[in-house]
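Take a look at the structure below.
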Amino acid sequence: MKFPIYQIDAFTDRVFAGNPAAVCPLESWLPDETLQAIAAENNLSETAFFVPKGDDFELRWFTPGVEVDLCGHATLATAHLILSRLERERDEVRFHTKSGLLTVVRDGGLLSMDFPSRPPAPCAPCAGLIEALGGTPEAVLAARDYVVVYGNEDEVRALTPDMAGLMALDRFAVIATAPGRDCDFVSRFFAPAKGVPEDPVTGSAHCSLVPYWAARLGKDALDARQVSARGGAIRCRNDGDRVHLAGKAVLYMEGMASIRE
């Protein structure tokens, strides 16, 4: 069996930056174990698979280790493929996912994603979290992920987490965040137990970061930057129980996958 496969850098306007995702259009779903094996073979933070559903699509995301309930950069990459290559006449694409209906629309030169808001609440960190992450945070909150707040961007950039220590997290991942020097806030994202030691740019993390920073800064339109080694920019808007995350994407590679079942 053969099917096309694309590698797309998301939340950037140039290759070798942002977050690379593999995107695989399928005519129908393959067995879950096959999807997971493909994602492990790709060895990127996420592989997205999608199949037609009427005028919409069903969309699923896999890290090299697990299927996830929400992924921003691979959704952006999939929308970019559809809107720029497969169905250029469209201005909108709708995905049916484990996190409900997600819509992506053209927004000037960007693609804007409509995602669920996941506001974090103050919490006590699990044992060993701060020691493994490092630094001296000001606050710890959580939704799906821990959100660990630092005083400034330099502290977040300087973190050198103990990945073995972070393997014991009792939540999906940990996000380190702080006010930005030339943007509203910065972040980094770590999920080693899920096969993603550090994710370059994480859309789903901003489902929690946007409501937190919107409330703290008293503004709903926010510019964010993930300060990983590759880096990436996200234009954000807080909108009640939804967040809008906008960015660019660029195709790096395309080919054909061949599987013997």
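The values are calculated or read from the model by the stated rules, or taken from the named source; none is laboratory data. Keep in mind the model is a prediction, meaning the values are calculated, not measured. For neighbour counting, all protein chains shown are included, and Cβ atoms are generated from backbone atoms with ideal geometry for every residue, glycine included. These accessible areas exclude ligands, DNA and RNA; they are computed on the full protein's heavy atoms, side chains included. Shrake-Rupley method; radii C 1.70, N 1.55, O 1.52, S 1.80 Å.
Checking each residue in segment 210-244 for being among the aromatic types (Phe, Trp, Tyr) and either at positive phi or open to solvent by 10 Å² or more (accessible area, probe 1.4 Å) (or both) picks out only TYR212. Which residues, counting only those in segment 234-261, are of a type in the set (A, V, I, L, M) and either in contact with a Leu (Cβ under 6 Å, 6 or more places away or on another chain) or not in a strand (DSSP E or B) (or both)? Result: ILE234, ALA246, ALA249, ILE259. Among the numbered conditions (1) surrounded by 21 or more Cβ atoms within 10 Å (Cβ to Cβ); (2) farther than 22 Å from ARG235 by Cα; (3) β-branched (Val, Ile, Thr); (4) over 14 Å from the mean Cα position of the chain (by Cα), the only one that VAL68 does not meet is (4).
Those strands (runs of 3 or more DSSP E) of segment 117-233 in which at least 1 residues are hydroxyl-bearing (Ser, Thr, Tyr) and more than 14 Å from the chain's Cα centre (by Cα), considering only elements entirely within it, cover 146-149, 174-179.
Checked against the criterion of being open to solvent by 30 Å² or more (accessible area, probe 1.4 Å) and free of Cβ contacts under 8 Å to residues at least 60 places away in the same chain, the candidates HIS96, HIS80 yield just one match: HIS96. Could you tell me whether segment 167-179 includes any residue that is open to solvent by 10 Å² or more (accessible area, probe 1.4 Å) and within 21 Å of ASN238 (Cβ to Cβ)? Yes, some residue in segment 167-179 is open to solvent by 10 Å² or more (accessible area, probe 1.4 Å) and within 21 Å of ASN238 (Cβ to Cβ). Only strands (runs of 3 or more DSSP E) whose full extent lies in segment 1-53 are considered here, and the ones with at least 1 residues that are surrounded by fewer than 20 Cβ atoms within 10 Å (Cβ to Cβ) and among the basic types (Lys, Arg) are 2-10, 46-53.
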